Amino acid sequence: MSAYARLVHAEWTKFRTVRGWVIGMLVAAAVIVGFGLFPGMEGTCRGANVCGLPVGPEGQEVTDVFTFVHRPLTGDGTITARVASMTGARPDLTDSGTGDVAGVVPWAKAGLIVKDGTRPGSAYAAVMLTGAHGVRLQHNYVHDLAGSTTSAATPRWLRLTRAGDRVTALESADGVSWTGIGTVRLTGLPATAEVGLFVTSPQFTKVINASSASGAPSKATAGFDQITTTGGWPAGTWTVATGGDPDAVGGPGAPGGPGDPDVGNRGPAGGSRPNGAEETGGGFTVTGSGDIAPAVAGAAGLGTSISQTLVGTFAGLVLVVVIGAMMMTGEYRRGLIRTSLTAAPRRMTALAAKATVLGGVAFGIGLAAAAVVIMFGPDILRGNGIYVHHVSLATEVRVVAGTGALLAVAAVLALAFGVLLRRGTVAVTVAIVATVLPYLLSMTVLPIAAGEWLLRLTPAAAFAVQQSTPRYAQVDGLYTPSNGFFPLTPSEGFGVLLAWAVAGLAFAAYRFRRRDV
Amino acid sequence: MSTALAVVAPSLRTRRTGLRYLHAEWTKLRTAPETVWLVVGIVVATVAVSVLVAANMPCDTAVCGGDPTKTGLTGVQLGQALVAILAVFAVGGEYGTGMIHGTLAAMPRRAGVLAAKALVVTCVVAPAAAVAVTASALLGRHFLPGAAGLPAVLRATGGTVLYLLLIGLLAIGVTAIVRNAAAAVGVVLALLFLFPILAAAAPDPHWERHLLQIGPMTAGLAVQATTGLDKLPIGPWAGLGVTAAWAFGALLVGAVLLELRDA
């Protein structure tokens, strides 16, 4: 048996015979499972109120609520219109405010759309003028292409051409010289599509800090004129379809699970104009509320994500970190380190063996606990009436394995602190403060930008492995850690923790080799 | 050790037991090498984090960062960890070295030992906490204008100093229960940090509110709020009362276990 294998066996024997450590690891697994399957949370999606989000052509859960002035177009054809004006109303969310204030929210949309029928979640391509993001060409909910940076106050000509399964968008300032934005392909678009004008305006969210935000539906009104069509348009009149009423699921006011109590849904912005459209001398004035976009989990969005079921990881992490630090400092406390190093004079091998046993055990309990939580937690939440976003199996596997790896590497980091500091109290405090406190501060008191920097630089970055739903640039959401969103990707975030652990262990090894015990 | 005690004991016989216990604990804490560094650390960590947060808080409205006074005292969240270490050392250090046997032989009234330790730690933490909180509050006013009126600010700062003292007592009680310094500091930090994290992740507002009401840190730091008091999960003084209940509860359980168990 090699020296390393012999030492791993020796460390394993030490580990499994310390009753407190074995109990601690089992309790760590139990708290992760316990919080994940915690039955006390209640939502509104139960009984007659069935929550469900339409699913887009690419598999994501989407919001598909807007006011649509449309006609069927058979075969190829073109629609051109000018967005002559765009105004909006959003709730006044200042402390003193009660009514509505005028203003177009940044992702309010007014433009032209080609859609595979009016079924929510169907394929589409749309060119639009937005409140603060210029002209965009979007399709199938998740794809977003920027055009010019025209402001909502400036009239803009838009043109959408369907040729087979390709849709091309152009824009113009004067209706004479046109600039192309792009061409997208809508696979499987039937011969007859619904084509026309649309207006929508998403939930307005005012972020106070990472833990509190308030939001309410907003509304946009756009004046369209100079509407011309060419191609296969049968004779007929325009039909007006108004997206679901604001309280419907998928509508802007839908309670996404009970959500954060700080997110007050104050009801839709009233305004003078109801959602709908009226014909005005060769054009239309269209008012809409909602969004055509991927649905985002979290306090400002809809429902919750599977990441929320793993909140017990923090409790488990504290336990694992304490055990990791004590595995080393315990040897110093009783002077056992002298015996250990007499029996195993090659200190690097001894340290590696300790890290292997500790990391292996922590990974195992993290993996097992997270697997149980991800298997049963989301179903329990759904049973309690909370909407949980679906994720792919690959994402579930990454979240589960990532949770195990997070505990393992954090424990090894604590072990390194234990070697360096030799005092259990200090090593435990440093390890907990480095991994848990940054997350806590970024979630509670810090402004979002400062909090994101903490979650990029500190070992707490590794909680990114638990992010299960993506963030979208074209949706204003509350992308904060407490809603399951992190500034780094899972692999980057885990890489930050790994870098800390490798650096800590290397420094610990250097010190451990140089000094007298 | 017993000969040393035999020499020392007669000179103490004339003093009252309580003072003798206090003097012994004070000598131990004063001469421990880490105490002075921890006291300095409490001040530096609290002020540094407070200033960093206050200086980086965006001020787009007249009242900066929601509650300027509370924001200016953010560093307490790190400073309390150092208070906990100091308190844990005062008890746990003796279990680590086995000195607890000598201590209890010299001072057989065990609850008295714990009380003396609690009092001595409080006396050491109090000036550090007062300096740290006052400096944070003054610097916070510089970066974040628009603070509330003086009574509210005094309540917030004074309450925060009391909060730090209570965290020290909580740590002493927990260490007496756990009897292992590393495990004790893990328990204390878990009690402090887990409640707000669990509350933020709870999808149910009622659970969130209850978690914030019972957590020793979330309830106790309600004393820092100077605006929106009606929206707090728990009132400022009631919240500090929750922290006090945790602290004295832990001390009581620790004292009982200390009396009942073999050290």
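Values computed for the structure shown
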item	result
Cα centroid of the range A:177-200 to Cα centroid of the range B:198-230, whole Å	49
Furthest towards positive pole of dipole, A:Gly131, A:Gly383, A:Gly404, structure part chain A, Cβ charges	A:Gly404
Rounded to whole Hz, the Karplus (6.51, -1.76, 1.60) HN-Hα couplings of the range B:93-98, x for glycine and proline	x, 5, 5, x, 8, x
For chain A: relative contact order, % (alpha-carbon pairs under 8 angstrom, 6 or more apart)	19
Kyte-Doolittle at least 1.6, axis length at least 30 Å by Cα - qualifying DSSP helices, chain A	A:393-421
Three-way shape label, the range B:114-201, alpha-carbon gyration tensor, a/c 1.5	oblate
Two-site FRET efficiency, A:Asp76 against A:Thr280, from Cβ-Cβ distance with R₀ of 35 Å, rounded to 0.05	0.75
FRET efficiency, A:Thr239 to B:His210 (Cβ-Cβ, R0 45 Å, nearest 0.05)	0.35
Selection of trypsin sites (Lys or Arg not before Pro), the range A:465-517, meeting DSSP coil and at most 12 other Cβ within 10 Å	A:Arg515
Stretchable slack from A:Ala173 to A:Asp516, in nm (0.36 nm times residue separation minus alpha-carbon distance)	115.7 nm
Inter-chain Cβ neighbour average for residues A:431-437, partner chain, 10 Å	4
Cβ charges +1 (Lys, Arg) and -1 (Asp, Glu), total dipole of the range B:17-260, debye	540
Dipole-positive endmost among B:Gly235, B:Ile85, B:Ala201 within the range B:17-260 (Cβ charges, Cα centre)	B:Ile85
Cα-based helix-to-principal-axis angle, B:110-143 vs chain B, degrees rounded to 10	30
Chain lengthening between A:Arg6 and A:Gln226 when straightened (0.36 nm per residue, less Cα-Cα)	70.9 nm
Positive-end extreme of charge dipole, chain A - chosen from A:Thr435, A:Gly330, A:Ala241 (charges on Cβ)	A:Gly330
Derived scalar couplings ³J(HN,Hα) [the range A:216-226; Karplus, 6.51 cos²θ - 1.76 cosθ + 1.60; whole Hz; x for Gly, Pro]	7, x, 10, 9, 10, 10, 10, x, 9, 9, 6
Dipole magnitude of the protein assembly as shown, debye to nearest 20 (Cβ charges: Lys/Arg +1, Asp/Glu -1, about Cα centre)	3840
Nearest-0.05 FRET efficiency for A:Val397 and A:Ala146, computed from C-beta distance (R0 41 Å)	0.75
Highest to lowest packing among A:161-169, A:483-491, scored as the average C-beta count within 10 Å	A:483-491, A:161-169
In nm, spacing of pseudo-spin labels at A:Leu26 and B:Thr17 (7 Å Cα→C-beta vector)	4.1
The protein assembly as shown: proportion of alpha-carbon pairs further apart than 46 angstrom, %	33
Long-range amide H partners of A:Ser468 with built H, under 5 Å	A:Ser307
In degrees, nearest ten, helix B:2-12 long axis to first principal axis of chain B (Cα)	70
Euclidean distance of C-alpha centroids, the range A:70-139 and the range A:423-469, integer Å	39
Value of relative contact order over the range B:17-260, rounded to a whole percent, pairs C-alpha under 8 Å and six or more apart	24
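Values in this text are rule-based calculations from the coordinates and carry no lab data. From a predicted model like this one, the values you see are computed outputs, not experimental measurements. Cβ atoms come from the backbone with ideal geometry, glycine included; neighbour counts cover every protein chain shown.
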